[in-house]
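These notes concern the structure reproduced below.
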Amino acid sequence: MADKPPESTSQRAIEPGREYVRIENVSKRFGDFVAVDNVSLTILKGEIFCLLGGSGCGKTTLLRMLAGFETPTSGRIYIDGQDMSDTPPYARPVNMMFQSYALFPHMTVAKNVAFGLEQERLSRPEIERRVTEMLEIVRLGELAQRKPHQLSGGQRQRVALARALVKRPKLLLLDEPLGALDKKLREHTQFELINLQERLGVTFIVVTHDQEEAMTLASRIGVMDRGEIVQVGTPTDIYEYPTSKFVADFIGSVNMFEGQLVEDEPDHVRIRCPELANTVYVDHGISSAPGATVWVAIRPEKIELSRQRPPATENVQQGVVKEIAYMGDLSVYLVKLDNDRIVRVTLPNVERHADDRISWDETVWLSWHPTSPVVLAQ
Ligand code: ATP
């Protein structure tokens with residue numbers, strides 16, 4: 001129901017690749033429990049596709065079915081046009097990097113990376129050439145003779161990645177690949193992963209519960225909830241144009257207000273929310289009947305704070321600042337309305353010293369632009 005942009009607004013260009021993975025009506029039951037519920041999804045060659053969702057929503061189960069470690073209860077998976085129903089894991093053009101990295105502790109870095117090639121019985125010079133090349137790519141050449149316990153978490157992660165990539169899979173599945181890393185290293189490694197992917201052209205499917213990670217890595221994101229894919233889109237689509245309350249709430253922070261449509265015209269809607277003193281005006285129609293119950297979602301960074309009442313009569317609301325959290329790059333303001341409802345507002349800290357910053361217990365006006373609210377019907 002959100003007004004869609006005229007064209008994709010992704011930060012990273014999706015490779016204009018052809019369809020590489022097709023998941024068709026795939027379900028997986030464990031006894032009575034439906035872990036994956038009728039999922040259909042197409043993934044393009046050269047994408048980094050992130051499956052994003054909370055704990056237990058079925059992301060890993062879907063990944064394991066792609067790898068062949070689980071069999072779908074119903075539905076089909078095609079990789080590169082081939083039905084995988086009867087293809088065992090080792091015969092799929094797929095490699096999987098596990099959450100735990102699963103490195104062999106007694107083997108050196110080089111041996112860990114070489115292991116899969118040795119299983120394939122490649123010649124020794126060929127193995128050496130490929131291992132050296134891959135260790136250079138992940139910048140571990142100098143640590144080739146170390147054992148895993150002599151490495152940092154980030155280095156271990158890169159060994160696991162090298163081990164998965166050295167076999168030149170067409171499709172690499174990564175299950176929470178950066179979960180063990182601290183925030184800074186995780187961010188750094190995210191960019192490394194993107195570079196690596198762009199260099200090697202492998203298609204990546206990444207499972208994560210971390211929305212920031214998905215937003216950074218993904219060309220497209222599939223948001224999962226209780227076994228279903230609830231929305232697929234570029235990071236920008238998912239953040240700016242969520243199609244449900246669940247997605248709006250799951251990705252980033254949002255202020256959500258329930259209301260009734262009082263006017264729905266092709267170029268605008270007006271919504272009355274019992275928790276807000278004035279109507280909400282949004283600059284596009286939603287083709288719903290007046291009187292319908294809808295939800296207005298407004299991101300904290302899209303709300304302005306002022307001491308003076310803005311001239312508009314709509315999209316404005318008075319409140320009192322109850323909390324301010326200084327986060328360095330931005331500050332979070334929690335503003336309490338008359339009815340005790342708390343509204344979250346974030347403001348960037350552009351200046352190091354700003355003497356007239358709005359402070360605790362001040363009465364303020366919140367306002368937002370008519371393009372800012374997202375109107376949701378489900
Ligand atoms: P997390 O982020 O916590 O790893 P997830 O989204 O990857 O979660 P899955 O591992 O796919 O979740 O599990 C989905 C659901 O299926 C969970 O409720 C889990 O308990 C259940 N499940 C997974 N494997 C099995 C199994 N072998 N037998 C029974 N239930 C299972």
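Largest first, the three principal axis extents of the alpha carbons in the stretch 62-169 are 47, 30, 22 Å in whole numbers.
Tell me what the chain gives for mean residue ellipticity at 222 nm when only DSSP H runs of n ≥ 4 count, each as -39,500 (n - 2.57), the sum divided by the residue total, rounded to 500 deg cm²/dmol.
Values: 8 runs with 84 residues, N = 378.
Helix-only estimate at 222 nm: -6500 deg cm²/dmol.
Counting only alpha carbon atoms, the long axis of helix 153-165 and the longest principal axis of the chain meet at about 60°. Ligands, DNA and RNA left out, the 1.4 Å accessible surface of the chain is 48% carbon and sulfur atoms. I want to verify a result. In a Gaussian network model of the chain, Cα cutoff 10 Å, which of these has the top mean-square fluctuation: 112, 349, 195? The residue that fluctuates most here is 349. Springs join every pair of Cα atoms under 10 Å in this Gaussian network model of the chain, and among 191, 30, 257 the largest mean-square fluctuation is at 30.
Give me Rg/Rg_expected for the stretch 253-376, where Rg uses Cα atoms only and Rg_expected = 2.2 N^0.38 Å with N residues. Provide the component values of the computation, followed by the final result.
Working: Rg = 15.0 Å, N = 124, 2.2 N^0.38 = 13.7 Å.
This ratio for the stretch 253-376 stands at 1.09.
Legend: calculated FRET efficiency, residue 126 to residue 272, from the Cβ-Cβ distance at R0 = 51 Å, rounded to 0.05, equals 0.10.
Residue pairs exceeding 28 angstrom between C-alpha atoms, taken from 28/147; 59/322; 111/170: 28/147; 59/322. Model label points for residue 32 and residue 199, set 7 angstrom from Cα along the Cα-to-Cβ axis, are 5.2 nm apart. Across bins of 20 angstrom width beginning at 0, how are the C-alpha pair distances of the chain distributed, in whole percent? Taking all Cα pairs of the chain, the binned fractions are 25, 47, 25, 4 percent. Cβ-Cβ distance of residue 351 and residue 191, R₀ of 35 Å, FRET efficiency by 1/(1 + (r/R0)^6): the value works out to about 0.75.
When 341, 352, 299, 64 are compared by accessible area of protein heavy atoms, the largest-first order is 352, 64, 341, 299, using a 1.4 Å probe. For residue 371 and residue 147, the difference between the fully extended length at 0.36 nm per residue and the C-alpha to C-alpha distance is 75.2 nm.
For the stretch 253-376, give the magnitude of the charge dipole about the Cα centre (Cβ charges: +1 Lys/Arg, -1 Asp/Glu; no others), in debye to the nearest 20. Provide the component values of the computation, followed by the final result.
On the way: 12 positive and 19 negative charges, 41 e Å.
The calculation lands at about 200 debye.
For the pair the stretch 71-125 / the stretch 274-338, the C-alpha centres are spaced 50 Å from each other. Between amide H atoms placed 1.01 Å from N, distances below 5 Å from residue 263 occur with 270, all of them 5 or more places distant or on a separate chain. Legend: residue pairs 245/302; 45/184; 183/302, Cα-Cα distance threshold 21 Å; pairs beyond threshold, 45/184; 183/302. Less than 5 angstrom separates the built amide H of residue 36 from those of 28, all sequence-distant by 5 or more or on a different chain. For the pair residue 307 and residue 289 in one chain, pulling the backbone fully straight at 0.36 nm per residue adds 2.8 nm over the alpha carbon distance.
I want to make sure I understand the PRE zone here: with the label point 7 angstrom from the Cα of residue 359 toward its beta carbon, which residues in the stretch 278-322 have backbone N atoms less than 18 Å away? Output list for this probe position: 306-308, 320-322.
Helix 124-137 sits at what angle to the longest principal axis of the chain, using alpha carbons and giving 0 to 90 degrees rounded to 10? That works out to roughly 20 degrees. Axis angle, to the nearest 10 degrees, between helix 183-200 and the longest C-alpha principal axis of the chain: 60 degrees.
Can you give the local net charge around residue 196? Use residues other than it whose beta-carbon is closer than 11 angstrom to its beta-carbon, Lys and Arg +1, Asp and Glu -1. Charge balance in the 11 Å sphere: +1.
Potential lengthening of the chain between residue 55 and residue 236 amounts to 62.8 nm, from the contour at 0.36 nm per residue minus the alpha-carbon distance. In order along the stretch 286-299, the Karplus-derived 3J(HN,Hα) couplings, from 6.51 cos²θ - 1.76 cosθ + 1.60 at θ = phi - 60°, round to 10, 6, 10, 7, x, x, 5, 7, 9, 10, 9, 10, 10, 5 Hz, and Gly and Pro are given as x. Using a probe of 1.4 Å, the accessible surface attributed to residue 128 totals some 110 Å² when neighbouring protein chains are kept in position.
The values are calculated or read from the model by the stated rules, or taken from the named source; none is laboratory data. These numbers were taken from a predicted model, which means no experiment stands behind them. In this analysis, Cβ positions are derived from the backbone assuming ideal geometry, glycine residues included, and neighbour counts consider all displayed protein chains. With ligands, DNA and RNA removed, areas are computed over all heavy atoms of the protein, side chains included. Shrake-Rupley method; radii C 1.70, N 1.55, O 1.52, S 1.80 Å.
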